[in-house]
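Note sheet for the following structure.
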Amino acid sequence: MPRRKLPLPSSRFPLPPLKLTGIAVAAVILAGTAWFYKRADGKEAPAYRTATIRRGSVKSTVSATGTLSAVQTIQVGTQVSGQIAAIDVDYNDHVRKGQLLARIDPTLQNQAVEEAQAQLERAQATMEQAQSDYARNKQLFDASFLAASEFSIVQSNFSVQKANVKSALIALERARQNLRYTDIYAPIDGVIVERNVDVGQTVAANFSTPQLFLIAKDLSDMQILALVDESDIGVIRRGQPVEFTVQAYPNQTFLGMVQQVRLQSKTQDNVVNYTAVVGVKNTTSKLLPGMTATVQFLTGDAEDVLIVPNSALRVRPTPAMLAQAQHAIGMNNGQRTNVLDTDDGHHSNSAILWILNNGRLRPVRVHTGLSDETHTQVDGPGLTVGTAVVIGVLDAANRISDDAPSKNPFQSPRPSGGDKGG
């Protein structure tokens, strides 16, 4: 029996599943492209980055940098020249007042003492001779055997020799004092911060006093000499609390207090600075002379107040935001008012907050208070804890239209209209 042939599939039958899947993917891509272009045409509302009003504390500060140093330091030098014969202390040694620090070779000073002693003996011998002549000639003068002019010469010579003896005595005492200066003693109790000489080194004190040691009186009490810009010096006062950090302990905050604002100014790179002296208690001995301190002067403090991120006060409204803000324009005492005016006529410290409630924007003029690096104190009508405020705008329509020559429907929108920080 001949085999029957099966009929071929008709074109009316459905396409295979593989072809259906390809068509579906193409439709999704076209739909996605149309959606992005729809956003590019500005037909969708912009997305807002928001934060909430909350209660907190704000500290207003002024920043400066300075160098830690001991409250009192003494430069120990020498008044005589010579070679260093011995050094009895070293860096970081604690010394007491009157303690021997170093010795200068006393050979030259000993010779100077012996020479001064010889000069004194010579002067005394000459004076004794002049005194003998004076006594003899005085008897002749009293007996009228010697003229007054001759006796006055003898008398004058005797007076000169007495003065020479006195001068020789002073020279001898000076030589003995210089000999004592060859021993270098500590003038105060303290710590050796610097040692600038070594044994065998020659020091010359003829023109200026060389520094041998630097002694810090007490490192438990230190100070910071902070340079404050002239624009900030007006808010710095004696007794203000200060917080500061040093690079050696970046995670630890130290405390101090302003002790003095010096009137002398310093100009660096055309910037005028003033020196604020900050007293510091170094009870832990962690702080060392010469450390660089980053200082924060506390100029104001507000507790339990309404605060917002600083970026909420710097939002640049887009045209869409301004369009929604038209309802904020109203009548006040028969006059047309607008909260978007830059000056409310009552408070110089004012700004605009954009409040978002159920998707609707409302600008509110607020009075600003203290501010730190992240938050600002605010006060205004209708402000409550938890209210959402705009801190940035993700406006795809405006952003893509700005980049019209390089439109890309698959490029994600970038933020605009405010700072990223909050």
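The numbers here are math on the coordinates, done by the rules we state, and not lab data. In this text the structure is predicted, and so the values were computed from the model without any measurement. Reconstructed Cβ throughout: ideal geometry from the backbone, glycine too, with neighbour counts over all protein chains shown.
Could you list, in sequence order, the residues of the range 281-299 that are surrounded by 13 or more Cβ atoms within 10 Å (Cβ to Cβ) and either polar (S, T, N, Q) or under 22 Å from S60 (Cβ atoms) (or both)? Full working, then the answer.
Going residue by residue through the range 281-299, those that are surrounded by 13 or more Cβ atoms within 10 Å (Cβ to Cβ) are 281-282, 287-289, 291-299.
Of everything in the range 281-299, those that are surrounded by 13 or more Cβ atoms within 10 Å (Cβ to Cβ) and either polar (S, T, N, Q) or under 22 Å from S60 (Cβ atoms) (or both) turn out to be N282, T292, A293, T294, V295, Q296, F297, L298, T299.
So, restricting to strands (runs of 3 or more DSSP E) that lie completely within the range 40-130, which ones have at least 1 residues that are within 29 Å of V295 (Cα to Cα) and among the polar types (S, T, N, Q)? Steps first, answer last, please.
Working: elements: 47-52, 54-70, 73-77, 82-87, 100-104.
Once the strands (runs of 3 or more DSSP E) in the range 40-130 are filtered for at least 1 residues that are within 29 Å of V295 (Cα to Cα) and among the polar types (S, T, N, Q), what remains is 54-70, 73-77.
Answer yes or no: is there a residue in the range 170-182 that is more than 30 Å from D88 (Cβ to Cβ), out of contact with any Lys or Arg (no Cβ under 8 Å at 6 or more places or on another chain) and buried (at least 16 other Cβ atoms within 10 Å of the Cβ). Step through it out loud before you land on a result.
Here is the first cut: in the range 170-182, the residues more than 30 Å from D88 (Cβ to Cβ) are 170-171.
With out of contact with any Lys or Arg (no Cβ under 8 Å at 6 or more places or on another chain) added as a condition, the list becomes 170-171.
Among the residues that remain, those that are also buried (at least 16 other Cβ atoms within 10 Å of the Cβ) are: 171.
Yes: the range 170-182 contains one or more residues that are more than 30 Å from D88 (Cβ to Cβ), out of contact with any Lys or Arg (no Cβ under 8 Å at 6 or more places or on another chain) and buried (at least 16 other Cβ atoms within 10 Å of the Cβ).
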